[in-house]
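Trainee: My questions all concern the structure below.
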Amino acid sequence: MLLFRLFLSFLLLVLVVYTGVVIAQHGADFVSVFFGDMARMGWAGQFNLDFMGMLLLSALWVAWRHRFSVAGIALALLAGTGGTPFLCIYLLVQSVRHRGDARALLLGDRLHDR
């Protein structure tokens with residue numbers, strides 16, 4: 001679990017720094033670029049569509065893990081818009097909360113359902 005937490009921390013740091021550089025050089029208008037690339041039907045758009053699918057799967061998993069509660073839906077909205085930074089922070093917090101138990105990390109309180 002330590003290596004997983006280090007990986008999450010490294011990924012979060014790299015992405016935050018990279019995002020800061022991109023915003024400094026190109027501004028913060030990523031939405032028109034994101035959907036514009038998809039509208040052009042090129043590889044950048046294909047990647048964005050694939051990434052959007054991963055965001056939706058991440059959001060669905062977070063909502064499911066929290067049994068589609070109000071908090072779970074709020075977290076799912078953050079997962080769907082926050083991308084990797086949200087998921088890294090969420091997984092770091094949950095891995096500490098569940099004391100490194102991977103099953104509990106993946107299933108939440110559903111671990112005890114049977």
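Trainee: Go through 100, 20, 108 for me and flag whichever is outside any helix (DSSP H, G or I) and out of contact with any Cys (no Cβ under 8 Å at 6 or more places or on another chain).
Mentor: Values: 20 fails: outside any helix (DSSP H, G or I); 108 fails: outside any helix (DSSP H, G or I).
Answer to the check: 100.
Trainee: Of all residues in segment 84-114, which are surrounded by 15 or more Cβ atoms within 10 Å (Cβ to Cβ) and either modelled with pLDDT under 95 or touching a strand residue (DSSP E or B) at 6+ places or on another chain (Cβ under 7 Å) (or both)?
Mentor: The answer is 98, 104, 105, 107, 108.
Trainee: Taking the conditions exactly as written (part of a helix (DSSP H, G or I), touching a Leu at 6+ places or on another chain (Cβ under 9 Å) and modelled with pLDDT under 95), does residue 8 satisfy them or not?
Mentor: Criteria not met by residue 8.
Trainee: I'd like the residue in segment 56-83 that is of a type in the set (S, T, N, Q) and touching a residue at least 24 places away in the same chain (Cβ under 8 Å) and, out of all such residues, is surrounded by the most Cβ atoms within 10 Å (Cβ to Cβ).
Mentor: Let us first name the residues in segment 56-83 that are of a type in the set (S, T, N, Q), namely 58, 69, 81.
Now narrow it down to the ones that are touching a residue at least 24 places away in the same chain (Cβ under 8 Å): 58, 81.
Working: 58: 20, 81: 10.
Taking the candidates together, the pick is 58.
Trainee: Taking residue 31, is it within 19 Å of the chain's Cα centre (by Cα), β-branched (Val, Ile, Thr), exposed (fewer than 12 other Cβ atoms within 10 Å of the Cβ) and farther than 18 Å from residue 106 by Cβ?
Mentor: Yes: the conditions hold for residue 31.
Trainee: Here is a follow-up. Quick one: count up the residues across segment 52-65 that are farther than 23 Å from residue 37 by Cα and either modelled with pLDDT under 95 or of a type in the set (S, T, N, Q) (or both).
Mentor: 0
The values are calculated or read from the model by the stated rules, or taken from the named source; none is laboratory data. Keep in mind that this is a model prediction, so the values were computed, not measured. Here Cβ is always computed from backbone atoms with ideal geometry, including for glycine, and neighbour counts include all displayed protein chains.
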